[in-house]
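Here the structure is laid out as structure tokens; the discussion comes afterwards.
Taken together, the values in this text are just the output of simple stated rules run on the coordinates, not laboratory data. Because the structure is a prediction, the values reported are computed rather than measured. Methodologically, a virtual Cβ is constructed for each residue, glycine included, from the backbone with ideal geometry; neighbour enumeration extends over all protein chains shown.
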Ligand SMILES: Nc1ncnc2c1ncn2[C@@H]1O[C@H](COP(=O)(O)OP(=O)(O)O)[C@@H](O)[C@H]1O
Ligand SMILES: [Mg+2]
């Protein structure tokens, strides 16, 4: 463990925020770490899990810990793209049109149950995420400098859901799957819920200001990555495109590998994770831990793989076993 004295002010603020979040969201430490990683790496996050696993709650809690304006959008089957982006409103006084910004014009956007809306609405969101601007009519409006989308979805088996467009999924830096908390945490969740009925929680931690957040991002950009690790990261991504050289069966499972967007995302996320852990350098563990969440939504499997019940996660584990760690 790194001693507190070695941490920068921004690192200490994030340690405090993380500890506070862990006290409010029990037993979902990976989720909390990934939310903070995405925030520090300027990426968007998609979280998939069964209902009732505190997905919405987690994002609400994070938004209370940061000085930023927050908006939750509940995705429903009848939502329209303009409900997200905003639209030109006619002004009868002078016959002009005025742009009425939609809910995407916030710093932190919770896109809740994103797979309950059809593809057109999902695309409007994914485009805004990639371009950080919104075009309505002939005008283009920039989104705020701090703009992060955290989306949730229920597993696709659920009735009445629309799968996200595969080709655009890589707008999400990280795609995390969460599971039920361990049995030992269930009582703590119960106790917390009871306590919160008695005393509605007050924010004890001072929210992190945007100046601190941007300073933190600057420090993340300066985190050191050794040449050998950079090579390892690149080899991992290249392996997704050319898996047959590692193992014959892998070649038959992966149809498309990850794009350079994945390379950049893995680099940024690994630095952010290292920084969160109080290190000034990336360790192989940062890359290995994040690779599944960076890659699982960017790989397209072959029909053979699907027929054999092979998942993207299995392919990623196989690649992690086979690409040599420096
Ligand atoms: N790990 C947890 N820590 C604290 N509370 C939890 C946890 N998991 C579930 N809960 C409780 O369950 C409720 C449901 O959470 P919610 O965020 O609405 O779930 P989801 O969005 O995943 O469907 C929360 O309000 C909270 O009271
Ligand atoms: Mg929810």
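Under the classification rounded if a/c is under 1.5, otherwise prolate if a/b is larger than b/c and oblate if not, where does segment 8-180 fall, given a ≥ b ≥ c as square roots of the Cα gyration tensor eigenvalues? Verdict is oblate for segment 8-180. Pick out which of 258, 128, 305 has the largest mean-square fluctuation in a Gaussian network model of the chain, springs linking Cα atoms closer than 10 Å. Its mean-square fluctuation being the largest, the pick is 305. Here the gap between residue 72 and residue 306, fully extended at 0.36 nm per residue and compared with their Cα-Cα distance, gives a gain of 80.8 nm.
Take every pair of alpha-carbon atoms less than 8 Å apart whose residues are at least six positions apart; their mean separation over the length of segment 8-180 yields a relative contact order of 31 percent.
Does the chain classify as rounded, prolate or oblate by the C-alpha gyration tensor (a ≥ b ≥ c root eigenvalues; a/c under 1.5 gives rounded; else a/b over b/c gives prolate, otherwise oblate)? Here the chain falls in the rounded category. Based on Cα contacts under 8 Å between residues 6+ apart, the chain shows a relative contact order of 21 percent. For the chain, adding -39500 (n - 2.57) for each run of n ≥ 4 DSSP H residues and dividing by the number of residues yields -14000 deg cm²/dmol at 222 nm.
Here the gap between residue 133 and residue 22, fully extended at 0.36 nm per residue and compared with their Cα-Cα distance, gives a gain of 36.6 nm.
So which residue, out of 245, 310, 26, gets the largest mean-square fluctuation from a GNM of the chain using Cα contacts under 10 Å as springs? The residue with the greatest mean-square fluctuation here is 245. GNM on the chain, alpha-carbon springs under 10 angstrom: the most fluctuating residue among 162, 90, 224 is 90.
Could you check what % of the DSSP bridge pairs in the chain are antiparallel, to the nearest 5? In the chain, approximately 40 percent of DSSP beta bridges are antiparallel ones.
Rounded, prolate or oblate: which fits segment 224-322, taking a ≥ b ≥ c as square roots of the Cα gyration tensor eigenvalues, rounded meaning a/c under 1.5, else prolate when a/b beats b/c?
prolate
Express in whole angstrom the spacing between the alpha-carbon centres of segment 1-58 and segment 71-142. One Cα centre to the other: 28 Å. With the simple model of a label 7 Å out from the Cα in the direction of the Cβ, residue 230 to residue 123 spans 3.8 nm. Going from the fewest other Cβ atoms within 10 Å to the most, the residues 246, 105 appear in the order 246, 105.
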